[in-house]
């Protein structure tokens, strides 16, 4: 506020100093004596001082604007400030009218008219002067409000006339006032001369009239100075602000604007510049958004080419998409093989089991509806949408404000849906968000289909490999077994028919070794044949935990002898459609590996059901598996044990995959290994 007080005080002081300096100068270059203009100086000082005091107290309400935050309040203070010169006019007119009445009552009419002409000049000049001061103050206020507080008044106090028209009208008004003042003075002096007989008095009146003309001319000149300054500044200052704003825009600051303080040509230019700047800012924001989204599409495409694991790929894509859409949650759901349910495949964001369904029936809820119809749904009213499925058994304070659900389609068939919900900053999803999500969902559908085809191809290669190995194994087994049988029979004859006397013990020892090794080779061949030849599964409904209990009982003694503690956590009534013997063989192979790898440690075994799957976890505290060997442990004949044959884990994986299950391994070198078997539960 001090800025405006100083500015206003300087303007008033300059208005007082101008006549005090100019009027004595005029007396030097004219025939008017200095003593004769002393009354005029007094009139000027009184009127200007009075106006300055009144205006100073009227301008105080401008302080209010510093605490205002709305444009409507600022419009009120603007109107109040613009009323300052008019309030001055009313107050000063009342004071002057009182003085004139006083002159009429206590002096003659001549002196009253002369007083009126003198004081009216000061009055009119200060009315115009205070108006320009008030206008200048409000220009400064509006500029500060616009640039610092980012507030702009709604009601624009400005004229629709152009600059040159306003300038011309102001000059004409000043000249008209000056002309009227001279006419009034001429009338008064003529009236005085007509009633005078003394030449000396007539000469005095003419000198006074000459002095009044000079004083009025100087007064009009004083008035013209602020008028010229104001109109010059009204043109140059907006242009300076416009140039400053142009430089800011050139530097990339599109948010910098120009305050529109009039509706003339300069105001139209400022308004047009602000619109242009806003449009450039909008286009730049849109361009950046498009570039970011194109970059996202490129990154997704590149990730699809380099990341083979579909779970890791989905995790990467959903993370990137969640940030691009500025949302809280995102998920991918796939239709099951029976095409009856949607199952959660992957999710990111503010995810909690109690606030997000893991599965939907087709046709139920928004996700189920999209999966069934293949049509995109945008619900910017969230749970208020009648299609939104609300489960009373799920207790959560989390609310879905808005969401998009798009289908993932391959070969005109919906394979799943992608959901994204709760855009941040309370914004709604728009068509650009839908387009991006639709494009990404098509890419993900392609990646999922490619992963499925890759799995089919790998399975086909395995099947062909096993089929070929079966044929080769049958031939090799036939060729090997015949000599082995012959060797076995010869050994039996040696035992039965030949009785050497010398070194009999060594003789029988060698025969036992031959017999044992022949038996071992036969066992290896039998196991290889079982692995190579696909066997028909004999499935029945089996309690999975009961199989695990049998294996634990079977190997408890062996584990205790090695100082291994078995910790079990088995859930009951976990029923599966299984070939009991084959699943038992697969689990035994994994359990044997855990016992052999652990020395004086612990083996943890647990079973549980999650959704439609049953999980078996076998975790040991052995040395672990090196990272470079982890991908090879299920390969045929790969082993790290000195007496291993590399068939056990390969057989276990094959049996589990035949049961539509999955086996996974997690291992940290030096900390142990965990095998996870996942099998489908019975309906």
Between residue 299 and residue 629, the FRET efficiency computed from the C-beta separation at R0 = 35 Å comes out, to the nearest 0.05, as 0.65
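Mind checking the full-extension length gain between residue 454 and residue 666? Use 0.36 nm per residue of separation minus the Cα-Cα distance, one decimal, nm.
Working: separation 212, 0.36 × 212 = 76.32 nm, distance 2.29 nm.
So the extension gain works out to 74.0 nm.
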Determine, from the Cβ-Cβ distance of residue 309 and residue 439 and an R0 of 22 Å, the FRET efficiency 1/(1 + (r/R0)^6), rounded to the nearest 0.05.
0.45
Taking 0.36 nm per intervening residue step and subtracting the Cα-Cα distance, what contour gain separates residue 463 from residue 326 on full extension?
44.7 nm
Expected sort for 582-588, 452-458, 676-682 on mean C-beta neighbours within 10 Å, highest first, is 582-588, 676-682, 452-458
Provide the packing ranking of 546-552, 408-414, 284-290, i.e. peptides ordered by the mean count of other C-beta atoms within 10 Å per residue, highest first.
546-552, 408-414, 284-290
State, to one decimal in nm, how far the label point of residue 426 lies from the label point of residue 569, with both points 7 Å from Cα in the Cβ direction.
4.5 nm
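Which of rounded, prolate or oblate describes the stretch 571-638 when judged by the alpha-carbon gyration tensor and an a/c cut-off of 1.5? Intermediate values should be presented prior to the final figure.
Working: a/c = 1.90, a/b = 1.52, b/c = 1.25.
Note, shape of the stretch 571-638 comes out prolate.
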Residue 681 versus residue 585: modelled label distance in nm, points set 7 Å from Cα along the beta carbon direction:
2.9 nm
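Here, each number is a calculation from the coordinates, and none is a lab measurement. Please read all numbers here as calculations on a predicted model, not as lab measurements. Using ideal geometry, Cβ is built from the backbone for each residue, glycine included, and neighbour counts are taken over all protein chains shown.
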